Amino acid sequence: MNTDDLEKKLENLSTPEMPPMAHQWQLKLAILNAKKSARAALWLMLIPVIVLGSGMLHSVLNASIPPWSWMQEYLPQLPVWIRFGIFSMIVIIIPLIAVLLNLLSIIWLQYDKTKHILHISIRMRPVNIIIIVIAGLLALLFIGHTIADYLAGTG
Amino acid sequence: MILTRFSIIFDNYYTAIFSYIFHRIGDYDTARDIASETFLKAFINIRSFKWKNISVSFWIYRIATNEMRQHFRKKNFSLESANMLIDSTGWDIVDPKTTNEEKTALENEVQKHADYIMIQKKIKLLPLSHQEVIALRYFERRSIKEIAKILNKREGTVKSLLFRGIQKLKRML
């Protein structure tokens with residue numbers, strides 16, 4: 001075979017086409033998960049847990065334990081709407097952010113335009129799922145509590 | 001921002017890069033490992049990457065080429081970044097269930113290309129620099145200019161490597 005023939009053969013060479021690969025999804029999820037959102041969310045969840053924990057210890061032991069003692073000292077001086085805002089932030093908004101961060105770290109969505117299919121991949125990672133459940137319950141509990149308080153107040 | 005940028009790059013180039021690696025290596029497992037290492041390195045370095053004289057496409061191809069060089073030069077090629085990722089996240093990149101199916105599908109696809117199998121085996125016997133230019137030119141259909149960008153070489157050097165590579169390949173066939 002001469003050089004021209006070989007070049008022609010190479011120019012017309014047909015190479016294997018790559019089939020769709022699950023590895024693409026697995027690798028992408030793994031890389032994006034490396035942002036350690038679970039760790040960040042764990043810290044977020046710790047804020048309401050510490051506040052409520054110190055509140056519970058205060059009611060049981062009648063001891064002045066921060067941050068509950070600080071809240072008791074400084075919050076009454078603030079207007080009601082600011083108090084409500086701080087309370088909502090600690091027990092509802094922060095746990096909801098933790099839920100969202102963890103959901104984002106285990107769920108991956110991609111829309112296949114050609115087949116009109118929405119691919120949803122969920123990584124069953126216990127740490128993330130536990131944080132989602134605990135933070136979600138915490139937020140739901142206080143949302144329920146706030147609604148109940150509101151209804152009792154207006155009813 | 002970084003995640004979005006990386007996500008776009010990943011979706012746009014994964015198949016092309018896997019294809020490039022597989023065409024040169026010819027082995028599913030190794031190609032998958034090198035593709036993982038390539039994208040992990042891209043992810044780690046994306047913050048420092050600046051669109052100066054090279055496009056994202058060439059940058060990713062360059063990382064993949066370097067990873068393949070390491071694979072061919074070191075017998076004990078290790079997946080440093082991939083292992084770091086698995087350690088930090090507990091996330092196993094390889095799913096044994098899907099691996100076998102994909103491997104079989106790819107092997108079946110390869111069997112349809114007898115000329116490619118024969119040429120790929122011969123190309124692997126050439127020096128690395130010749131392998132790179134031939135694979136990019138004839139497997140990936142890249143122009144001389146593009147190959148020069150990917151390999152960070154002058155166009156003249158690429159032409160010369162390609163010519164000498166084809167001469168050597170001709171003697172083998």
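Do you know which residues across the range B:33-52 are surrounded by fewer than 21 Cβ atoms within 10 Å (Cβ to Cβ) and more than 10 Å from every other protein chain (Cβ to nearest Cβ)?
Within the range B:33-52, B:Lys41, B:Asn45, B:Ile46, B:Arg47, B:Ser48, B:Phe49, B:Lys50, B:Trp51, B:Lys52 meet the criteria.
Which one of these is at pLDDT below 75 and either among the aromatic types (Phe, Trp, Tyr) or under 16 Å from the mean Cα position of the chain (by Cα) (or both): A:Ile90, A:Ile106?
Values: A:Ile90 fails: at pLDDT below 75.
Matching residue, one of A:Ile90, A:Ile106: A:Ile106.
When the residues of the range B:1-32 are narrowed to those that are of a type in the set (D, E, K, R) and more than 10 Å from chain A (Cβ to nearest Cβ), which ends up farthest from the chain's Cα centre (by Cα)? Break it down into steps so the answer makes sense when it comes.
Filtering the range B:1-32 for residues of a type in the set (D, E, K, R) gives B:5, B:11, B:24, B:27, B:29, B:32.
Then keep just the ones that are more than 10 Å from chain A (Cβ to nearest Cβ); that gives B:5, B:24, B:27, B:29.
Working: B:Arg5: 21, B:Arg24: 7, B:Asp27: 12, B:Asp29: 13 Å.
Among those that are of a type in the set (D, E, K, R) and more than 10 Å from chain A (Cβ to nearest Cβ), it is B:Arg5.
May I ask you to list the residues in the range A:119-154 that are not basic (Lys, Arg) and not in a helix (DSSP H, G or I)?
A:His119, A:Ile120, A:Ser121, A:Ile122, A:Met124
Looking at the range B:138-173, which of its residues are aliphatic (A, V, I, L, M) and either over 20 Å from B:Leu125 (Cβ atoms) or in contact (Cβ under 8 Å) with a residue 40 or more places away in the chain (or both)?
Looking only at the range B:138-173, we keep the residues that are aliphatic (A, V, I, L, M), and these are B:144, B:147-148, B:150-151, B:158, B:161-162, B:166, B:169, B:172-173.
Hits for the range B:138-173 are B:Ile144, B:Ile147, B:Ala148, B:Ile150, B:Leu151, B:Val158, B:Leu169, B:Met172, B:Leu173.
On the basis of being at pLDDT below 90, surrounded by 13 or more Cβ atoms within 10 Å (Cβ to Cβ), outside any helix (DSSP H, G or I) and more than 9 Å from chain A (Cβ to nearest Cβ), does B:Phe72 make the cut? Even if it seems obvious, please write down each step before you answer.
Details: at pLDDT below 90: yes; surrounded by 13 or more Cβ atoms within 10 Å (Cβ to Cβ): yes; outside any helix (DSSP H, G or I): no; more than 9 Å from chain A (Cβ to nearest Cβ): yes.
So B:Phe72 fails the test.
Inside the range A:1-28, can you point out the residues that are crowded, with 17+ Cβ neighbours inside 10 Å and more than 7 Å from chain B (Cβ to nearest Cβ)?
Listed by number, the list holds a single entry, A:Trp25.
Among the residues of the range A:54-79, write down those that are part of a loop (DSSP other than H, G, I, E, B) and of a type in the set (A, V, I, L, M). Please lay out each step first, then the result.
Initially, the range A:54-79 is screened for residues part of a loop (DSSP other than H, G, I, E, B), giving A:62-67, A:78-79.
A:Ala63, A:Ile65, A:Leu78 - these are the residues of the range A:54-79 that are part of a loop (DSSP other than H, G, I, E, B) and of a type in the set (A, V, I, L, M).
The values are calculated or read from the model by the stated rules, or taken from the named source; none is laboratory data. Quick caveat: nothing in here was measured; it's all calculated off a predicted structure. When we count neighbours, we look across all protein chains shown, and the Cβ atoms used for this are built from the backbone with ideal geometry, even at glycine.
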